[in-house]
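First the structure, in the form of structure tokens, and then the observations on it.
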Amino acid sequence: MVMFGNPPYNGSSTNKGEWITNLMKSYKKEPGGKISLKEKNPKWLNDDYVKFIRMAQYFIEQNGEGILAYINPHGFLDNPTFRGMRWELLRVFDSIYTIDLHGNSKKKETAPDGGKDENVFDIMQGVSINFFIKTGKKKKNTLGRLFHYDLYGERESKYSFLNDNNISTVPYTELKPKAPMYFFVPKDFGLEKEYNSGFAINELFTTCLLGPISSRNDFAITFDRNIADIRIKDFKNSTITDDEIRKIYSIKDNRDWQLSQARKMVKIDDSPVPCLYSPFDYRWMLYGDYAFDYPRHQINDQLIHKENIALISTRQTTEHFGVFVTKMPLGQHKLVTPYDSSYISPLYSFLDTNGIFDKESRVLNYRMDIIEKVKSQIGKDVEPIELFDYIYGVLNSPIYISKYQEFLKIDFPRVPYPKNLNEFTQISELGKRLRELHTMEHSSSWTV
């Protein structure tokens, strides 16, 4: 059996039939296939191309042998969320051959020599050619072999290479995918043990979520408060029809947001909120479900009119690791790099009683076992802001970023435990200075 083609790519898949939904459960488990995937937002696994891979896998498994050959987005090769899918494919197939064609203009990919790297299609999403081969001869409890090749350059040079080669002449490199990620791309993990001895950001902060998402930033965000006031007023105005609103503001419905429903959500006292849109870029936003697909109340509600601060960092990136800090709510999710999503970790959470946040009752957003280990390392109690500043100092260190750059591309950053009190104090002081500079704490240039 041979299944081949170029399946559709759609992150907002509407193919939600019971049969394929049940099949997809095997990709939504941790490697080993026994426990559910520990991801708060595994939505990219619902992309249509992933469902087509799963469908083909099913029929080949039923047949007992076969070949699956697709050209599809290359994100599944190294995105941490796809680790269960990668393990499942290695479990089923005897051998896997991938040619990463790169060309991801969203992430401004370039060739290793700094030259131009173009997509083989007229799209922004990078793609890969993938062969999954099942002979029925592989032992049941062993994983398949993995072969990989990177193809960079201009479009015509990629066409020439593909035209002149076949699966047996491509100079593949055999990879040895390792737990827990089972990457389908080469990774240099010489420092892995040292790096993993630290604590991950999402392990320390009990709330660590992707930033807010709006599919209509031109409407939801503005530099001018008066313009934001007018937009809210128009939304409330029942004499203005939905069609008129769509025409005035060029906004469209999508899977997660419908204008008619959104207008019903606007409250009488809704007003614009100052927000951080990107580093040192402060704007006004129409905050709430009426303007955002995912406003991330768990984060932004903790920062509106409250004495709080939040760490912002990338989780996965092909550009460069990014980190920043904010005392204001966030206006979008691509905050510290233009193409990679950012995750937000507030220092405190404020209790919500009957819809009212009690400013006097705040909860530290740290896991106490990690706090206790830091205390044991430095021999004294740790103030929450001291540890926050230590983390911020580490994550902004050029030495740290250079040393662990491979790891910072693939998952949440991990922070080394301080060796002693002197190291902790020095780094924490540097982190404090950076935090105050980056939040413009002593500046009067931004007023609300």
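Take the chain, connect every pair of alpha-carbon atoms lying under 10 Å apart with a spring to form a Gaussian network, then pick out the residue of Asp164, Asp293, Asp269 with the largest mean-square fluctuation. Top of the fluctuation ranking is Asp269. As a test of the formula, what do you get for the chain when each DSSP H run with n ≥ 4 contributes -39,500 (n - 2.57) and the sum is divided by the residue count, at 222 nm and rounded to the nearest 500 deg cm²/dmol? Estimated from H runs of four or more residues: -8500 deg cm²/dmol. The magnitude of the dipole of the chain, with charges of +1 and -1 set on the Cβ of Lys/Arg and Asp/Glu and taken from the Cα centre, is near 1140 debye. Compared with the dominant principal axis of the Cα atoms in the chain, helix 48-63 is inclined by about 30°.
Angle, helix 421-438 long axis vs. longest principal axis of the chain, Cα atoms, 0 to 90°, nearest 10? Its long axis makes an angle of about 70 degrees. Taken over the C-alpha atoms, segment 68-171 has Rg and Dmax values of 14.7, 44 angstrom.
A quarter of the convex hull surface defined by the alpha-carbon atoms of segment 248-362 gives 8.7 nm² as the mean projection.
The charge dipole of segment 101-141, taken about its Cα centre with unit charges on the Cβ atoms of Lys, Arg (+1), Asp and Glu (-1) only, comes to about 660 debye. Convex hull volume of the C-alpha atoms in segment 48-111, normalised per residue: 98 Å³.
Measuring nothing but protein heavy atoms, the accessible surface of the chain at 1.4 Å probe radius is 51 percent carbon and sulfur.
Compactness ratio for the chain: Cα radius of gyration over 2.2 N^0.38 Å (N = residue count) comes to 1.08. Listed by chain and number, the lysines whose C-alpha is less than 25 Å from the C-alpha of Lys16, apart from same-chain residues fewer than 8 away, are Lys25, Lys28, Lys29, Lys34, Lys38, Lys40, Lys43, Lys51, Lys252. Just to confirm my numbers, what's the Cα centroid distance between segment 181-228 and segment 41-94 in Å? A separation of 24 Å, based on Cα centres.
Dipole orientation for segment 147-261: of the candidates Asn237, Tyr249, Ser215, Asn237 has the Cα lying most toward the positive pole (charges on Cβ; Lys, Arg +1; Asp, Glu -1). When the convex hull of its Cα atoms is viewed from all sides, segment 247-299 shows a mean projected area of 4.8 nm². Bridging of Lys187 to aspartates and glutamates at a Cα separation below 18 Å is possible for Asp78, Asp100, Glu109, Asp150, Glu174, Glu319, Glu406, Asp411, once same-chain residues fewer than 8 apart are set aside. When the alpha-carbon atoms of segment 1-75 are used, the pair Rg, Dmax equals 12.7, 36 angstrom. Peptides 33-39, 273-279, ordered by how many other C-beta atoms sit within 10 Å of their residues on average, highest first, read 273-279, 33-39. Note on the chain: GNM, Cα springs under 10 Å; of Ser12, Ser345, Ser313, the largest mean-square fluctuation is that of Ser12.
Between Leu90, Leu311, Leu162, the residue with the greatest mean-square fluctuation in the GNM of the chain (Cα pairs under 10 Å linked by springs) is Leu162. Is segment 377-448 rounded, prolate or oblate when judged by the Cα gyration tensor, a ≥ b ≥ c being the square roots of its eigenvalues, rounded requiring a/c under 1.5 and prolate requiring a/b larger than b/c? Verdict is oblate for segment 377-448.
A protection proxy built from the mean count of other Cβ atoms within 10 Å ranks the segments 200-208, 147-155, most packed first, as 200-208, 147-155.
With the convex hull constructed from alpha-carbon coordinates only, segment 151-201 shows a mean projected area of 5.8 nm² over all directions. Take each peptide in 298-306, 107-115, 183-191, count the other Cβ atoms within 10 Å of every residue, and average; sorted highest first, the result is 298-306, 183-191, 107-115.
Applied to segment 80-86, the Karplus parametrisation 6.51 cos²θ - 1.76 cosθ + 1.60 on θ = phi - 60° returns per-residue 3J(HN,Hα) values of x, 4, 8, 4, x, 5, 4 Hz, with x for Gly and Pro. With the alpha-carbon atoms of segment 192-292 aligned to their principal axes, the span from lowest to highest coordinate is 63, 30, 24 Å, starting with the largest. Summary value for segment 81-126: 33 percent relative contact order, contacts being C-alpha pairs under 8 angstrom separated by 6+ residues.
For the chain, the longest principal axis of the C-alpha atoms and the axis of helix 225-236 are separated by about 80°.
The residues of segment 141-211 expose on average 55 square angstrom of accessible surface per residue, using a 1.4 Å probe on protein heavy atoms. Charge dipole of segment 265-412 (Cα centre as origin; +1 on each Lys and Arg Cβ, -1 on each Asp and Glu Cβ, all else neutral): 280 debye, rounded to the nearest 20.
The values are calculated or read from the model by the stated rules, or taken from the named source; none is laboratory data. Just so it is clear, the structure is predicted and the values come from calculations on it, not from any experiment. For neighbour counting, all protein chains shown are included, and Cβ atoms are generated from backbone atoms with ideal geometry for every residue, glycine included. What goes into the accessible areas is simple: the full protein's heavy atoms, side chains included, and nothing from ligands, DNA or RNA. Shrake-Rupley method; radii C 1.70, N 1.55, O 1.52, S 1.80 Å.
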